[in-house]
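Notes to accompany the following structure.
The values are calculated or read from the model by the stated rules, or taken from the named source; none is laboratory data. Note that the structure is predicted; figures quoted are calculated from it, not measured. Cβ placement follows ideal geometry from the backbone for every residue including glycine, while neighbour counts extend to all protein chains displayed.
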Amino acid sequence: MLHARLEPVYDNVVQRNRGETEFHQAVREVLESIGPVIDKHPEYADQKIIERICEPERQITFRVPWEDDRGEVHINRGFRVEFNSALGPYKGGLRFHPSVYQGIVKFLGFEQIFKNALTGLPIGGGKGGSDFDPKGRSDREIMRFCQSFMTELHRHIGEYIDVPAGDIGVGGREIGYLFGQYKRITNRYESGVLTGKHLSFGGARVRTEATGYGCAFFVQEMLAARGESFEGKQVVVSGSGNVAIYTMEKVHQLGGTVVACSDSSGYVHDENGIDVELVKQLKEVERTRIAAYAERRPGAKFVSDRSVWEVPCQVAMPSATQNELGADDATALIANGCIAVGEGANMPTTPEAVRNFQEAGVAFGPGKAANAGGVATSALEMQQNASRDSWSFEFTEQRLEQIMKDVHARCYATAEEYGMPGNYVAGANINGFTNVADAMLRLGLI
Ligand code: NDP
Ligand code: 2IT
């Protein structure tokens, strides 16, 4: 239910951003949480802070022409949405996936505002990407695409302006080509303009692992708050990309057993525990399909075109894409004894499924909080670049773990303060929102 003062705000967002269903969904979730804040702080509504937050400060759409290996010309669309810079330069990833359009970039950029605020670090919110499909493309094609993309994007970014990073379809390789082109066009070695860089040119240790490790740390905190731990728990992780791989690695280190992971063609079930090194080999080195896992690992099976959430587990960690875990999946997970869910992906759980989990008393960690370790470590990379420093793995991982504990504590305490103990969705949305809203009030009408 929406607060009476927020209903017209939401209606206006739907009207002015027609057809952008994912953006509507993300806005609605935040507005549903902040009703009690409006009662306590009517000045936010009086100053139209919510209307302002829902309108990006700047949106850029551009043509990305490139040539494939056979000489054929392709035209893709590039996006960068600079959503909110109250707390710092715009910060958020780039997604290359054929499903990308304005509505997806805006939902991601909107969520990024509150996620970044929750980290306690000085970063605003933004997101970008392209409808380019990297699947099956050669390394040279990826390079040419990245160069063309950056040939336009470079005018809009900078270490004090907007700092992109990776997301679906954009990892260390792509960040390298993007940085190379930025450096060439601008004639500046501006390390802090992109994060997720390789260690050889200004990258930070633990950034590759950060989102997955951070998500595992967050779930560990949720479990501890209930007197539980990962020890002896069966865990299912969806996806098999960057976030999924390092979630699995840390869950194993913390005593859990990941028994299944997936990609868009199906899932692999391995009761002995997923061999994470094999997944790295298949996905990071060979860039092949997860089905190959079952061919190389005795005892594992591949199941095509079915939901990974049918595999019994006590902890579920959706780490692929938006709306990948629906109401029926939630019902199946609850029936199988699931007690905790940590969103590694952004908005992977549908609103109905979130409700199911919360009504069943499942500890539910929303992406804004649970996957904040990635962007937080990006902010640590910016800090290292600004001071021309390079921290050790151990030190950086300690910083990450402490940040995730703090994010958990903020969500937990805020939910209690507003009379919704254990509701991490409310805690994350209210805490993230009030941080940004307070800064916006102090910055005047901007
Ligand atoms: P990757 O590109 O490394 O991996 C994405 C994984 O999700 C792949 O296994 C992919 O399968 C699967 N996937 C993507 N789209 C779909 C789809 N439409 N249907 C089914 N499966 C799909 O991306 P990341 O691991 O970086 O990102 C995963 C999620 O985590 C995203 O929601 C992202 O926004 C979020 N995230 C990422 C952060 C980061 O630092 N990278 C930080 C915080 C959140 P396939 O190969 O078959 O497409
Ligand atoms: O969704 C996210 O937080 C990311 N894709 C990471 C963003 C970043 O700037 O590191």
>> For segment 374-422: of the residues being closer than 20 Å to Thr434 by Cβ and among the hydroxyl-bearing types (Ser, Thr, Tyr), which is surrounded by the most Cβ atoms within 10 Å (Cβ to Cβ)?
In response: Thr414
> Got at least one residue in segment 381-393 being modelled with pLDDT of 95 or more and within 13 Å of ligand 1 (Cβ to nearest atom)?
Replying inline: yes
> With respect to Ile75, is the statement that it is over 30 Å from Met143 (Cα atoms), away from ligand 2 (no atom under 16 Å from the Cβ) and not acidic (Asp, Glu) true?
Replying inline: no
> Which of the residues that make up segment 110-169 are within 12 Å of ligand 1 (Cβ to nearest atom), in a loop (DSSP other than H, G, I, E, B) and within 15 Å of Arg95 (Cβ to Cβ)?
Replying inline: Asp133, Pro134, Lys135, Gly166, Ile168, Gly169
> If you scan segment 147-201, which residues turn out to be within 16 Å of ligand 2 (Cβ to nearest atom), under 28 Å from Gly344 (Cβ atoms) and among the small types (Gly, Ala, Ser)?
Replying inline: Ala165, Gly166, Gly169, Gly171, Gly172, Gly176, Ser191, Gly192, Gly196
>> Any residue in segment 127-145 that is within 13 Å of Asp69 (Cα to Cα) and without any contact (Cβ under 8 Å) to a residue 40 or more places away in the chain sitting within a Cβ distance under 7 Å of a residue that is basic (Lys, Arg) and surrounded by 15 or more Cβ atoms within 10 Å (Cβ to Cβ)? List the pairs, counting only those 6 or more apart or interchain.
In response: Ile142/Arg173
> Which one of these is in a strand (DSSP E or B) and surrounded by 20 or more Cβ atoms within 10 Å (Cβ to Cβ): Leu94, Leu31, Leu87?
Replying inline: Leu94
>> Which condition from (1) out of contact with any Ser or Thr (no Cβ under 7 Å at 6 or more places or on another chain); (2) surrounded by fewer than 24 Cβ atoms within 10 Å (Cβ to Cβ) is the one that Phe114 breaks?
In response: (2)
> Within segment 120-173, how many residues turn out to be of a type in the set (Phe, Trp, Tyr), farther than 17 Å from Leu108 by Cβ and in contact with a Phe, Trp or Tyr (Cβ under 6 Å, 6 or more places away or on another chain)?
Replying inline: 1
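Of these, Val236, Val243, which one is β-branched (Val, Ile, Thr), in contact (Cβ under 8 Å) with a residue 60 or more places away in the chain and touching a Cys at 6+ places or on another chain (Cβ under 6 Å)? Full working, then the answer.
Values: Val243 fails: touching a Cys at 6+ places or on another chain (Cβ under 6 Å).
Every option except Val236 fails the conditions.
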>> Tell me whether segment 361-370 contains one or more residues that are without any contact (Cβ under 8 Å) to a residue 12 or more places away in the chain and in a helix (DSSP H, G or I).
In response: no
